[in-house]
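The values are calculated or read from the model by the stated rules, or taken from the named source; none is laboratory data. Model, not experiment: these values are computed from the prediction. Please note: Cβ atoms are built from the backbone with ideal geometry, for glycine as well, and neighbour counts cover all protein chains shown.
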Amino acid sequence: MAIDTTIYVRAPSRASAYLDGLQMLTGAGLILFMWSHMILVASVNLGADAMNTIARFFEDTYMAQVGGPMIGLTFLLHFVLAARKVPFRVEQQSTIWKHSRMLRHTDTWLWLVQAVTAMLILIMGSIHMWTVLTDLPITAAKSAARIQGGFWLVFYLILLPMVELHVGIGFYRIGVKWGLIKRNRRKGFKRFENILTGIFILIGLITIIRFMTLST
């Protein structure tokens, strides 16, 4: 008696494709926000007045009061969409770890880094947004006092590389997944993404040092 050994793989549904598209859009939006956010906060390196002027503009136009919660909701939505493919169960984590070691594929390891940093960013990013948005207006002096408190210095020294790694890898993986980066261009684009991530981490560190030396 013949045994049917055919393995049936469920084809991706249209709903799954829409959710993937929405995940990409929210991810791209958050990447642009994080890069813009870093540049705006780094304006303190031009002087406290420069940062205060920019912050005042966002608050006077209610972009901070409205935009902040919207970014928070986008952040949460993006996490929920991405969590569909994150292995939360122990056996799933063990399997993906074994497969990653077996495949020795750089892009697979990048996905793992994204998954791990996502968990940390979800918690730490929420704390950061809540702290800032419940203590408006934003000023250079407030930011400096917070960082000079000690705990927040360590907090941001951990959060900074986590965010930039997650954002940089996300930028690269969006291009690969949606066909914007062809196979023969991956190596060069990955090098560009590494340089870009390093630049933003450096800007962040310089900004933290500036806050540490700013008179409050």
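With respect to ALA82, is the statement that it is assigned to a helix (DSSP H, G or I) and at pLDDT 90 or above true?
Working: assigned to a helix (DSSP H, G or I): yes; at pLDDT 90 or above: no.
No.
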Kindly check whether there is at least one residue in region 173-185 that is under 14 Å from the mean Cα position of the chain (by Cα) and closer than 24 Å to PHE75 by Cα.
yes
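Quick one: how many residues across region 163-185 are of a type in the set (D, E, K, R) and touching a residue at least 24 places away in the same chain (Cβ under 8 Å)? Walk me through it before giving the result.
Step one: filter region 163-185 for residues of a type in the set (D, E, K, R), giving 164, 173, 177, 182-183, 185.
Subset that is touching a residue at least 24 places away in the same chain (Cβ under 8 Å): 164, 173, 177.
Residues that pass the stated criteria total 3.
Is it true that MET38 is at pLDDT below 85, crowded, with 16+ Cβ neighbours inside 10 Å and not in a loop (DSSP other than H, G, I, E, B)? I'd like the intermediate steps shown before the answer.
Values: at pLDDT below 85: no; crowded, with 16+ Cβ neighbours inside 10 Å: yes; not in a loop (DSSP other than H, G, I, E, B): yes.
No, not satisfied.
Can you find, within region 144-167, the residue that is nearest to LEU205 (Cα to Cα) among those that are of a type in the set (Phe, Trp, Tyr) and crowded, with 17+ Cβ neighbours inside 10 Å?
Pass one, region 144-167, residues of a type in the set (Phe, Trp, Tyr): 151-152, 155-156.
Retained after the next criterion (residues that are crowded, with 17+ Cβ neighbours inside 10 Å): 152, 155-156.
Details: TRP152: 14, PHE155: 13, TYR156: 9 Å.
If we take residues in region 144-167 being of a type in the set (Phe, Trp, Tyr) and crowded, with 17+ Cβ neighbours inside 10 Å, then TYR156 is nearest to LEU205 (Cα to Cα).
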Log entry, pairs with first residue in region 189-202 being aromatic (Phe, Trp, Tyr), second being surrounded by 14 or more Cβ atoms within 10 Å (Cβ to Cβ), beta carbons closer than 6 Å, six or more apart or on different chains, reads PHE189/ILE181; PHE200/MET38; PHE200/GLU164
Cβ-Cβ below 8 Å, separation at least six or inter-chain, first residue in region 106-120 and within 9 Å of HIS166 (Cα to Cα), second at pLDDT below 70: which pairs?
ALA115/VAL86; ALA115/PRO87; ALA118/VAL86
Among (1) modelled with pLDDT of 80 or more; (2) over 24 Å from the mean Cα position of the chain (by Cα), which single condition is LEU77 missing?
(2)
Unmet requirement for ALA141, which otherwise passes all of (1) surrounded by fewer than 17 Cβ atoms within 10 Å (Cβ to Cβ); (2) of a type in the set (Gly, Ala, Ser); (3) under 27 Å from ASP20 (Cα atoms):
(3)
Among the residues of region 178-193, write down those that are loosely packed, with under 14 Cβ neighbours inside 10 Å and either under 15 Å from THR117 (Cβ atoms) or in contact with a helix residue (DSSP H, G or I) (Cβ under 8 Å, 6 or more places away or on another chain) (or both).
TRP178, LEU180
Need the failing condition index for LEU157 against (1) within 21 Å of the chain's Cα centre (by Cα); (2) modelled with pLDDT under 90, just the number.
(2)
